[in-house]
1. Would you work out if chain D is rounded, prolate or oblate? Take a ≥ b ≥ c from the square roots of the eigenvalues of the alpha-carbon gyration tensor; rounded if a/c is under 1.5, else prolate when a/b is larger than b/c, oblate otherwise.
2. At a 10 Å Cβ-Cβ cut-off, how would you order D:25, D:6, fewest neighbours first?
3. Peptide D:237-245: average number of partner chain Cβ atoms within 10 Å per residue?
4. Antiparallel as a % of all DSSP beta bridges within segment D:2-141, to the nearest 5?
5. How many percent of Cα pairs in segment C:58-167 exceed 17 Å?
6. Let me check against my output: what whole-number percent is the relative contact order of chain D, with C-alpha pairs under 8 Å and at least 6 apart?
7. Pull out a ≥ b ≥ c, the square roots of the eigenvalues of the alpha-carbon gyration tensor of segment B:82-158, then state rounded if a/c is under 1.5, prolate if not and a/b is larger than b/c, and oblate in the remaining case.
8. Take B:28, C:230 and order them by how many other Cβ atoms sit within 10 Å, fewest up front.
């Protein structure tokens, strides 16, 4: 992933990371592919053994590194290869979703679904819906840009410094003329 | 440019010493730095893999060999794992040299005994090559090196070279049970082999480095032979971040390992509290 | 520098306005949204709150909790290093406390120990510290025990002491003089030093006697009692959080970490760190030379009152008392120092 | 107080325990005390300034406290929920600790406060607290005031925040989280943060950026909230100890209310009730899953 958001001539194209279970959704996505179903190409799939293996930290890390939206998908209830992984995941993500909402992250950036190995068409719909929704929300720069460091080009090339400029979104310090060095000041 | 910004170095050679120990040969990218870079035997540096972080090792090559540096490390943590994965041609970072050094000038005209265990040979190797490259400045050179098993011996090719030299007395040993059928060296713990090697203590210096337990049992042996504590030298390591006395991490009691060390005499060591 | 002058309160307000108009950043102790007082950026002198010790210290103005050291960019096997500027816009801190100003000066030693820490000194040089003599502290204050006082000038460029309808001004440094010279209309004749004496005495009386002014006794005892059961005793209540170190104006230990932002680029940063956590000294191998809280509590006292004095002939503590105020478990540095002095002088032992 | 001291003295002199964990008068108000001799029992106090949740000291990640040997702990009814949590999650064997319950009618927020306990000064978590004594205790001493009615200010603040548009909540938390300097006091003092090695200290991989910038702080507080889901006993220690004044209790309490609504779990002093995250029901609601 590079730091810029893929932009096509048509405008913003969201980048979506999908964390899927190996047994159901991954196979279902595979089926969608082999069935030549048409769907948005914005999704990068990360295959995991089970939805029970998907730590909420995977999602924050994906947002950190540039994802605009997330899909978490696995086996339907009662279908888990490990019997109960999806039940545990269900509780965990119910809480996680409420937490993100409370912190101000639009929950519609995160899609949860059960897609079985035979549901290629459902996977297509989940992907297309997620892409449409996130495209409407726009890039999630607010998350990854919580830290922006400005640096100069490699030495030799430029004697001019752009300033330390930790462009923290909340800081009004640079405007105040206070060195960004004190950017941890409370500006609330 | 601030003091925390490293020089860029290119990996020129990558040698697997043992299953979990590597040596990297690093050459400075900047010609001027390559020419002017100088260090003393025993000094250390901060090696970095960009994206993984920095790690502290002694410089394992000799200051008599210019233009490059080498480091040997065991893969244990995040940075050393990343260092294991670098490829020849990759660019890494290096800051240094930092810390004090072995008193090479003082050792001129004396006998030198090198005693090392496991990866502890890395800092000693720097001094060994320094001595061997200026061989006429020193008298008898004895090397006692041990590892747990034959497979754990590092710098095997150099051990072979040193063993062939008439002006070096080399003892290699492995712990009992660690020998292979064709092992020609000794079998036994390092302190016992030092006793067997019986280097003379008169006008001699001992350079000791290895696991704490080896050092603990070797120093009494040396003292019994007549080595005085101020002529037994060792090099310590502690967790460091800055390497230049600021980050406050490497204190052992009042001592900053990065500034007062890493080289200490047994006399200085005896005064340190048990915090390393 | 021993010049003195005077500034009326109205002119002080005007000075802050002048500075801001000139594009100079101004910071001072001001109220935060949660009701506390922090040193923070201010827009007018009226924001300044002088009757409470700020919750944070001045440390973060010179050593921010996190700061980038440089950025790196990979291109294939090659890596480019992108520098971060060490030049900083000018700023004035108005309303510093003497203990906080002194702390910055204390830290200059280590920040310049053989290697000059450019970001630190870049900010130091860009910053003028206008200190207000302290009105007096609470029972955790002990600046007089470490060679300072409520009207100490150390680390300050100007020291202001309330007198009459304004402030008696001691010009402490060249930098302070430059500030006075730049705004000559704001400074002028007024009450003399005599008018400040009762203020100073009252303030001093409020902090004196909380800890005996015996730094040498403390230093010697700490140096000689590395293994004393006292350390285990005081460490019992310690949670091993870094609250004390975060609040401390002189705790300066830091970590250096790489933070990848993408697969090819990232930032090397330095972040505040604290000797109170177990990971501070833990080796990657799992070995930890400072294995339990006992050693960590000792390290903090040792570093401040023995290691730093032995190295730089200066105490790494300005007696601000923040660690005692912030400790969630009631660990109190004045109590620790009092017990050490008592033990050293044979007037008591580890309770 | 006499009853408490007498009991502590007896437990120590009879050798039932090696140490009693309670409160004492420190230089800045009430603070945790570790009494190891029968005579030391006279140091013990209990009043409305004893705000600390001493269950933190039972957490197994405090090796320096292990050498005290068997301990008795003085606990408020709310602390009993934390001890029950530690027992529930097999961090503390019940038989390893003697619990001296103190009856409690509420505490203030600041252990150094000279305020008397009143509607105006009572700690927010005590508003609406139904428990006057902990059922988990082996001994129960003292008398309790009537307690204080709810709802808590925090519950109101959570509702206010939840009613705002998402971008305003985002801005609110950005401003708060940016203050965090990652001293980890919230973690260290939390009785339910009992991991031997915290996720935030792990480097391979580093899930949580260790730098105290808003992004790293966000990851840390998300992880903390998730790990405390179904564990948090709402003792408010994290918020009390935060040197930056971040309202951490809003997050943990919000999650606690989610867990209560969805899974009918409220922290109690009954260790036999299973932890809600770590168990499941086949018919858990899943309205958010496509």
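1. Numbers: a/c = 1.62, a/b = 1.52, b/c = 1.07.
It is prolate, given that a/c is not under 1.5 and a/b is the larger ratio.
2. On the way: D:25 15, D:6 12.
Least crowded to most crowded, the residues run D:6, D:25.
3. On the way: counts 2, 1, 0, 1, 7, 5, 15, 12, 9.
The mean count of partner-chain Cβ atoms within 10 Å per residue comes to 6.
4. Values: 9 of 20 bridges.
Percent antiparallel among DSSP bridges in segment D:2-141 is about 45.
5. Details: 3768 of 5995 pairs.
I get 63 percent for the Cα pairs in segment C:58-167 exceeding 17 Å.
6. Numbers: 489 pairs, mean separation 49.8, N = 290.
Once normalised by length, the contact order is 17 percent.
7. Since a/c reaches 1.5 but b/c is at least a/b, the shape of segment B:82-158 is classed as oblate.
8. Working: B:28 19, C:230 22.
Fewest-to-most Cβ neighbours within 10 Å comes out as B:28, C:230.
Taken together, the values in this text are just the output of simple stated rules run on the coordinates, not laboratory data. Computed from a prediction, not measured in an experiment: that's the story for all the values here. When we count neighbours, we look across all protein chains shown, and the Cβ atoms used for this are built from the backbone with ideal geometry, even at glycine.
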